[in-house]
Amino acid sequence: MSTPLETQLEELLAKVKAYNPSADLSLVTDAFTTAGDAHAGQKRKSGEPYFIHPVSVAHLIADLKLDVPSICAGLLHDCVEDTEMTLENLEETFTREVAFLVDGVTKLGKLPWNTREERQAENFRKMLLAMAKDIRVVLIKLADRTNNMRTLEHMSEDGQDRIARETMDIYAPLANRLGIYWLRAELEDLSFRYLYPNEYRQLLEDLEATEEQRRAYVVEVEQTLRRLMARNDIRCEVHGRTKNLWGIYNKMRNQKRSLDQIYDVVAFRALTSTIRDCYAALGVVHEKFTPIPGRFKDYVAMPKPNQYQSLHTSLMGPRGERMEVQIRTYEMHRVCEEGIAAHWVYKDGRGGLSASDQQKFAWLRQLVEFQRDLKDPAEFIDAVKIDLFADEVYVFTPNGDVKAFPAGATPVDFAFVIHTEVGNHCAGAKVNGQMVPLRHKLRNGDTVEIITNSNQRPNKDWLKTCATARARSKIRHYIRGEQRDRGRALGKELVERALRQAGHSYQKMQKQGALKRATLDLHAGNKEEDLLMQVGFGKVTPTQVVRSIFPEETPAADATDKGGRLKRLTGIFSKPRRRAPSGIRVQGEEDVLVRFAHCCNPLPGDTILGFITRGRGVTIHKLDCPKALNLDPERRIDVSWDSESEVSHPVTINVHSTDKPGLLAEVSKTFSELKVNLAQANCRVTPNGRAINTFHFQVAHLDHLKQVMRALQKIRGVYSVERV
Ligand code: MN
């Protein structure tokens, strides 16, 4: 650039003033001077002064019609990274807003994009938007990238390839999504030139060779269309244009055709003043030329998510060739050309979205699957500063792959996405090189590395910390499998013992297929393993198994009367069908032998744990029972209350009160009012003149007990009521 600095500044100020007349241009001038001083003496790879780059970026930002802080940030965007200046300097000299924008642009530039896989390009784009938080940061970054692409020839070949690839994968689609089509087209063509230099050159040559022909064709069609419109009294502007190179190349590649048909390269556009004229023009065109079925798209009635509006159609043109025509109003055209900038309005020098555009900007929300309802319009004025993906986080694998998670995801979620085995043995994690606990919440841009240990197993606590359905179902699956294994092992132990007591060998029975036959006999499943599991869960008794194999022998329970231990074992398991309902489901099964631990007497409503005992089915403890803490966690099993069940459970409470006549009468009145039948009551007086009253009774649910305790608490003279 040979223009002197003063001229460049003047041009920039004029450009800003044109769309934002009340802009505070002194701020722009300050930023221009500050950035110019900071970059003084620095050179670009081309040998030109470095400052040319930020100035060009600022010009592009002005083309996008962004606000003054954005222009300043454009001028200063490389200062923190490449000069002595700090963010604090920026904040002091300019504003917090400018510093924030520069910081955002710097951070986006540092994201490690190093893979070429398309499916994660989308995630990466979303991450950029998510991390930017303010859409202006993305736009400034786009301007920075565009200028770098325009001057890419000075880079090394490696650098060219990397930057062009990144531009094609990330920035061109971003521009597209933001509705800035001219920027997308330019970024695509610039990337194309470096990514496929031979194809690019070939296409350019081919286009040049056919240019004359094409021009004649364009003029012919333009005139035909214009005449047609005039004859039908439709005021309309018609232009033919050559599509962008990357678009043409892609079309050729997809249709496996060479560039022998000039028609594919040109598209026609008709601009009208009103929507009515759009449809009128469409009707005229369709009447004159045969439309190609399935090619008509009405984006006027149904705009694209990014607010693009136009009618698209393809027809058999005047030369019998396929001809593409887009019809739209001038206003639609402006929106399409300017993208997000078309929606920017300026008041008192500050940029924002007009009230009417807030509605239109629903696309921004759709675009990013932004779910939150914006009730307050003022909130959306801040639209430009929304947390676009509040519900998602994007993190990197150590290889640089991007993975998307719901907000709140932890390393456990991450591990299960990598591989089920990685999840199952996930012992710890490093986030950005630092060890973190497994419950650590992942943040956008984190690099996550999972540390596995073959001894590590999923446990129930993980269910509370993970955020993905996938991790949860994998953990549950694992825990269920583990419990089945335990049940099976216990069942085998029990059957083995019962057989031994009856004088038989388990191994022998197994070899002879007797266990398999018993399984079918007892309808316990198809496989021997099913039978063992049923025994383990107390659904089939070892005695039943022995009897099924040796029906002619004396029942095992009688035969082992003298055996003591086994008597207890089989006695408890006998006659399971007549067992009183327990009100407990073990892994969803209700007919399982359970007993309630006397140490904590759990009530329906209490949070409970089950333990598979040796020979006595499943014992139920309260979750906080100190005794349960000492039990073998290997024998833990999922249990829950059966909500249908109305089984009563014993409970004991202590009522501390004054030693006052009449109090007991009031207490028993309360019990009877609440339909409690006392089984037993004890009272004793303490030396300090107080009374401790202990009551034993039955309730069906924790809620009932709580009701009773609350009522007792209200009696005058009662200090406290506690469950024992
Ligand atoms: Mn830059």
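Of note:
- P(r) weight above 22 Å for the range 395-476, C-alpha pairs, percent: 11 percent
- Taking a point 7 Å out from the Cα of residue 418 in the direction of its Cβ, the residues of the range 441-462 whose backbone N falls within less than 18 Å of it are 441-459, 462.
- The range 4-194, relative contact order [Cα under 8 Å, separation at least 6], %: 17 percent
- Annotation: per residue accessible area for the range 619-678 equals 60 Å², rounded to a whole number [probe 1.4 Å, protein chains only].
- Taken over the range 4-194, the percentage of Cα pairs per 5 Å bin, counting from 0 up to the bin with the maximum distance, is 1, 8, 17, 20, 22, 16, 11, 4, 1, 0.
- Accessible surface comparison of 155, 316, probe 1.4 Å, protein chains only, largest first: the order is 316, 155.
- 21 Å tail of the calculated P(r), the range 645-724, as % of Cα pairs: 21 percent
- Kirkwood hydrodynamic radius over Cα pairs of the range 204-341, then Stokes diffusion coefficient at 10 °C and 1.306 mPa s, in µm²/s: 101 µm²/s
- Among the listed pairs 15/45; 107/403; 622/669, those with a Cα-Cα distance over 26 Å are 15/45; 622/669.
- Listed peptides 178-186, 417-425 by packing density, highest first (mean Cβ within 10 Å): 178-186, 417-425
- For the pair the range 646-724 and the range 511-554, the centres of their Cα atoms are 48 angstrom apart.
- Ligands, DNA and RNA left out, the 1.4 Å accessible surface of the range 1-111 is 53% carbon and sulfur atoms.
- Whole-percent carbon and sulfur share, accessible surface of the range 150-301, 1.4 Å: 46 percent
- With DNA, RNA and ligands ignored, accessible area of residue 649 (1.4 Å probe; Å², nearest 10): 10 Å²
- Of every Cα-Cα pair in the range 188-234, the percent that sits beyond 13 Å: 67 percent
- The range 204-341, relative contact order in percent, only Cα pairs under 8 angstrom and at least six apart counted: 22 percent
- Computed over protein heavy atoms with a 1.4 angstrom probe, the accessible surface ordering of 225, 190, 629, largest first, is 629, 190, 225.
- Put simply, when 427-437, 325-335 are sorted by average Cβ atoms within 10 angstrom per residue, most first, you get 325-335, 427-437.
- Where 338, 88, 211 fall by accessible area, highest first, once all protein chains stay in place (1.4 Å): 88, 211, 338
- Förster-model FRET efficiency, 35 Å R0, residue 213 and residue 288, C-beta, rounded to 0.05: 0.95
- The mean sequence separation of alpha-carbon pairs under 8 Å and at least six residues apart, normalised by the residue count of the range 421-491, gives a relative contact order of 30 percent.
- With each label modelled as a point 7 angstrom along the Cα→C-beta vector, the residue 630-residue 81 pair spans 6.4 nm.
- The range 204-341, accessible area per residue, ligands and nucleic acids excluded (1.4 Å, Å²): 53 Å²
- Distance from the range 1-56 to the range 205-227 (C-alpha centre basis), Å: 40 Å
- With every protein chain in place, the range 649-723: carbon and sulfur % of accessible area (1.4 Å): 51 percent
- Taking 0.36 nm per residue of separation and subtracting the Cα-Cα distance, full extension of the segment from residue 295 to residue 453 would add 51.2 nm.
- Taking 0.36 nm per residue of separation and subtracting the Cα-Cα distance, full extension of the segment from residue 511 to residue 715 would add 66.5 nm.
- For residue 492, the solvent-accessible surface computed with a 1.4 Å probe is close to 80 Å², ligands and nucleic acids excluded.
- Added length on full extension, which subtracts the Cα-Cα distance from 0.36 nm per residue, residue 316 to residue 96: 73.4 nm
- In the context of the full protein assembly, residue 110 retains an accessible surface of approximately 130 Å², using a probe radius of 1.4 Å and ignoring ligands and nucleic acids.
The values are calculated or read from the model by the stated rules, or taken from the named source; none is laboratory data. The model shown is predicted, which means the values in this text are computed figures rather than measured ones. Here Cβ is always computed from backbone atoms with ideal geometry, including for glycine, and neighbour counts include all displayed protein chains. These accessible areas exclude ligands, DNA and RNA; they are computed on the full protein's heavy atoms, side chains included. Shrake-Rupley method; radii C 1.70, N 1.55, O 1.52, S 1.80 Å.
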